[in-house]
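Following: one structure in structure tokens, then a few remarks.
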Amino acid sequence: MNRRTGPPAGVSDGSGWRFLPSFLISAALLAACASGPSTTLYEQLGGEANINAFVDDFADRVQSNPRIARFFVESDMERFRTMLADFICEISAGPCQYQGDAMPSVHLGLGINDAHFNALVEDMIIAMEAHDVPTGAQNRLLAILAPMHPDIVDTPP
Ligand code: HEM
């Protein structure tokens with residue numbers, strides 16, 4: 001019996017078998033472009049407009065959060081919003097240049113402890129959720145912020 005089963009994928013017999021592997025390669029490249037490391041965190045956060053939006057929301061939340069509001073009572077919150085948005089834009093590989101003060105000089109000496117730090121991070125997560133920042137992008141941003149802990153916290157809980 002001479003049953004024809006066709007060549008293995010990728011081996012052309014002149015009848016269109018070459019189509020399958022090239023299709024798979026294109027699909028893999030498309031998938032890599034859609035979700036791969038070439039997407040900047042800035043883009044994943046929604047660019048400047050969405051960063052400004054969730055930072056505004058976040059600033060409102062810290063000011064009304066009884067665990068940390070007292071730190072912000074005498075702060076210039078317009079400056080805080082602008083500076084924090086620029087800061088997040090820059091560290092997420094966006095087209096901004098943060099021109100505010102260094103983290104230790106802003107924070108050390110204010111008496112911020114771990115509980116305060118966690119309260120602020122919670123407000124940040126709530127604000128990002130409210131502005132549809134994907135969980136993966138939230139985690140990428142938090143992973144960049146977490147190592148700044150020693151520049152912010154100077155007292156035990
Ligand atoms: C990784 C965490 C944090 C980051 C990235 C961060 C970032 C910033 C930035 C960019 C500014 C503006 C600096 C400037 O005006 O030049 C700022 C100001 C400020 N931050 Fe933070 N911050 C963090 C954590 C905290 C925490 C935990 C608190 C207190 C609970 C806090 C309290 C403040 C206050 C009170 C100001 C305003 C200071 C002033 O009035 O001049 N920050 N922060």
Determine whether the range 113-127 contains at least one residue that is touching a helix residue (DSSP H, G or I) at 6+ places or on another chain (Cβ under 8 Å), more than 15 Å from LEU145 (Cα to Cα) and without any contact (Cβ under 8 Å) to a residue 40 or more places away in the chain. no
Restricting the range 86-101 to residues that are more than 15 Å from ARG140 (Cβ to Cβ) and surrounded by fewer than 18 Cβ atoms within 10 Å (Cβ to Cβ), the residue that is farthest from the ligand (Cβ to nearest atom): PRO95
Scanning the range 135-157 for residues that are away from the ligand (no atom under 13 Å from the Cβ) and closer than 16 Å to ASN52 by Cα gives ALA137, GLN138
In the range 61-71, residue nearest to the ligand (Cβ to nearest atom) [restricted to those that are of a type outside the set (Val, Ile, Thr) and crowded, with 16+ Cβ neighbours inside 10 Å]: PHE71
Evaluate the following for ARG79: is it among the basic types (Lys, Arg), touching an Asp or Glu at 6+ places or on another chain (Cβ under 9 Å) and either in a helix (DSSP H, G or I) or within 20 Å of ALA143 (Cα to Cα) (or both)? no
Yes or no: MET128 assigned to a helix (DSSP H, G or I), assigned by TED's automatic domain parsing to the domain that holds CYS89, over 15 Å from PHE71 (Cα atoms) and within 9 Å of the ligand (Cβ to nearest atom)? no
Looking only at the range 45-71, which residues are among the charged types (D, E, K, R) and in a helix (DSSP H, G or I)? GLU48, ASP56, ASP57, ASP60, ARG61, ARG70
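Quick grid of which residues meet (1) of a type in the set (S, T, N, Q); (2) within 23 Å of LEU41 (Cα to Cα):
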| position | (1), (2) |
| --- | --- |
| PRO95 | no, yes |
| GLY109 | no, no |
| ASN113 | yes, no |
| ASN118 | yes, yes |
| GLU122 | no, yes |
| ALA130 | no, yes |
| HIS149 | no, yes |
| VAL153 | no, no |
| PRO156 | no, no |
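The values are calculated or read from the model by the stated rules, or taken from the named source; none is laboratory data. Note that this is a predicted model, so its numbers are computed, not measured. Note: ideal-geometry Cβ built from the backbone for every residue, glycine included; neighbour counts use all protein chains shown.
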